[in-house]
Amino acid sequence: MITETTPLNAIIATRIAEQGRITFAEFMAACLYEPGLGYYTSPGRKVGAEGDFYTSITVHAAFGRVIAREIAQMWRSMGNPAVFTLVECGAGNGRLACDIMDYVAEREPEMYGALRLVLVEQEPTLESAQREMLSAHVDRLSWLSPAEFASGVFTFSGCLYSNELLDALPVHRVVMTSDGLKEIYVTCTDGEFAEEAGEPSTPELEAYLLRIGVVLHPAQQAEVNLNAPKWLASAATALQQGFVLTIDYGYTAAELYTPRRKLGTLLCYYRHQTEENPYLRLGLQDITTHVDFTTMLNCGAALGLENDYFGEQYRFLMSAGIVEEIEDIERSAISAEEKLRLRLTLKKLILPDGGMGDTFRVLIQSKGVTSPQLLCRRRIGG
Ligand SMILES: C[S@@+](CC[C@H](N)C(=O)[O-])C[C@H]1O[C@@H](n2cnc3c(N)ncnc32)[C@H](O)[C@@H]1O
């Protein structure tokens, strides 16, 4: 495998020379999160036109405003509490949090008085960008590291939300051989990375697939994201009462692990181009995988969360009020050209075919809230 050398190459190569082959999860963790050198832990724009990929947040503020409408409904479902904490995990530059806070400040003044906002980000240097982005709301803003969030000490009531967090968590990779399930490891010889199959590093990999009833076909490769259910367990521990709203691209286990998908879903992004080879441009290209929502649903139930909603992003946005939101924005006297741009960008968010509408899913889970009246459970157009 030919590799392009970056400062991370030498670090990972030395690690392998010292401790032997590493799991793909360790390799991916270094590529994305090695302090100062990983994709998310080094300077530079990652998301948006100047970055490597778009997320729904960068498409239009209407996305965040519709989420805010739903969060306001959550607050009402909890009986308009005097303190309601929003927690965002994987907050990036704070854009989504800002769109949500702006909406609540404008449209829900009573709720705004109750709001606290806690941002959780793996990359601590994003704090200054978040502080700047959220300057109008800074009096209610605080930060937690992922370790503090998962410590069991932090608790809150309100809503924990994330957009494209789970797809950025390091995954193990497995392959089915004639000798049973094996894990894919990363080796390095003379500076060149290669893959080799070996006994799984942990019995959790086989147990994970067993729990969702998946038996891989011969030679089929797949990813196992042990970090996603771990994260949900931390979320369920921290949440005293309220909601967990998760937005990401992914499938049910049956769709994700279908034998048609012989090589899994791992994909890299660099300057808006996709790339299948994770051993290129280490730390400069994003590495990502699709989320197994069956595991998120099952784990939620096992952790005592109610699974209130699971559906495609376009259905969520339509039911939760994106059309009303577009009409509101249009009424606010924008130019004809801006109106057209607004309609085109929103198509991207909601159109199932080729847009972000159907590969993205929304999952809402709750704790201690009786029959929440969520907007997304309304019939579209009803
Ligand atoms: C794909 S980006 C999405 C950023 C933003 N939510 C958006 O949609 O534009 C994933 C973000 O999650 C952060 N992240 C990764 N693991 C995390 C964790 N355990 N807790 C909080 N943030 C994390 C990364 O540093 C990165 O900023």
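Taking the stretch 146-163, which residues are within 7 Å of the ligand (Cβ to nearest atom) and in contact with a helix residue (DSSP H, G or I) (Cβ under 8 Å, 6 or more places away or on another chain)?
Those that are within 7 Å of the ligand (Cβ to nearest atom) and in contact with a helix residue (DSSP H, G or I) (Cβ under 8 Å, 6 or more places away or on another chain): 149, 163.
Filter the stretch 314-323 for residues that are open to solvent by 30 Å² or more (accessible area, probe 1.4 Å) and touching a residue at least 40 places away in the same chain (Cβ under 8 Å); which is farthest from the chain's Cα centre (by Cα)?
318
Consider residue 96 carefully, then state whether it is within 11 Å of the ligand (Cβ to nearest atom), in a helix (DSSP H, G or I), touching a Gly at 6+ places or on another chain (Cβ under 8 Å) and open to solvent by 40 Å² or more (accessible area, probe 1.4 Å). Outline the logic, then answer.
Values: within 11 Å of the ligand (Cβ to nearest atom): yes; in a helix (DSSP H, G or I): yes; touching a Gly at 6+ places or on another chain (Cβ under 8 Å): yes; open to solvent by 40 Å² or more (accessible area, probe 1.4 Å): no.
No.
So which strands (runs of 3 or more DSSP E) are wholly in the stretch 204-313 and hold at least 2 residues that are touching a Lys or Arg at 6+ places or on another chain (Cβ under 6 Å) and open to solvent by less than 30 Å² (accessible area, probe 1.4 Å)?
By residue number, 239-251.
Quick one: in the stretch 145-155, which of the residues that are in contact (Cβ under 8 Å) with a residue 24 or more places away in the chain and not in a helix (DSSP H, G or I) is nearest to residue 41 (Cα to Cα)?
Going through the qualifying residues, I end up with 145.
Let's see how each residue does on (1) more than 17 Å from the chain's Cα centre (by Cα); (2) more than 19 Å from residue 247 (Cα to Cα); (3) of a type in the set (Asp, Glu):
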| position | (1), (2), (3) |
| --- | --- |
| 36 | yes, yes, no |
| 88 | no, no, yes |
| 95 | no, no, no |
| 99 | yes, no, yes |
| 106 | yes, yes, yes |
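How about the stretch 124-145: which of its residues are crowded, with 18+ Cβ neighbours inside 10 Å and under 13 Å from residue 92 (Cα atoms)?
126, 130, 133, 134
Residues 29, 91: which one is in contact (Cβ under 8 Å) with a residue 40 or more places away in the chain and either of a type in the set (A, V, I, L, M) or not in a helix (DSSP H, G or I) (or both)?
When all the criteria are applied, what remains is 29.
This table checks each residue for (1) within 21 Å of the chain's Cα centre (by Cα); (2) away from the ligand (no atom under 16 Å from the Cβ); (3) in a loop (DSSP other than H, G, I, E, B).
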| position | (1), (2), (3) |
| --- | --- |
| 122 | yes, no, yes |
| 143 | yes, no, no |
| 173 | yes, yes, no |
| 182 | no, yes, no |
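Return the pairs, sorted by first residue and then second, in which the second residue is assigned to a loop (DSSP other than H, G, I, E, B) and of a type outside the set (A, V, I, L, M, F, W, C), the first residue lies in the stretch 362-382 and is farther than 23 Å from residue 295 by Cβ and at pLDDT 95 or above, the beta carbons are less than 9 Å apart, and the residues are 6+ apart or on different chains.
So the pair list comes out as 375/321.
Please go through (1) touching a residue at least 40 places away in the same chain (Cβ under 8 Å); (2) open to solvent by less than 50 Å² (accessible area, probe 1.4 Å); (3) within 30 Å of residue 297 (Cβ to Cβ); (4) touching a Gly at 6+ places or on another chain (Cβ under 8 Å) for residue 121 and return the number of the only condition it doesn't satisfy.
Single failed check for residue 121: (1).
Of all residues in the stretch 31-52, which are open to solvent by less than 20 Å² (accessible area, probe 1.4 Å) and modelled with pLDDT under 80? Steps first, answer last, please.
The initial filter retains those residues of the stretch 31-52 that are open to solvent by less than 20 Å² (accessible area, probe 1.4 Å), namely 31-32, 38-39, 41, 48, 51-52.
Matches in the stretch 31-52: 48, 51, 52.
The values are calculated or read from the model by the stated rules, or taken from the named source; none is laboratory data. In this text, all values refer to a predicted model and were calculated from it rather than measured experimentally. So basically every Cβ, Gly included, is an ideal-geometry build from the backbone, and we count neighbours across all protein chains shown. Only protein heavy atoms, including side chains, enter the accessible area calculation; ligands, DNA and RNA are left aside. Shrake-Rupley method; radii C 1.70, N 1.55, O 1.52, S 1.80 Å.
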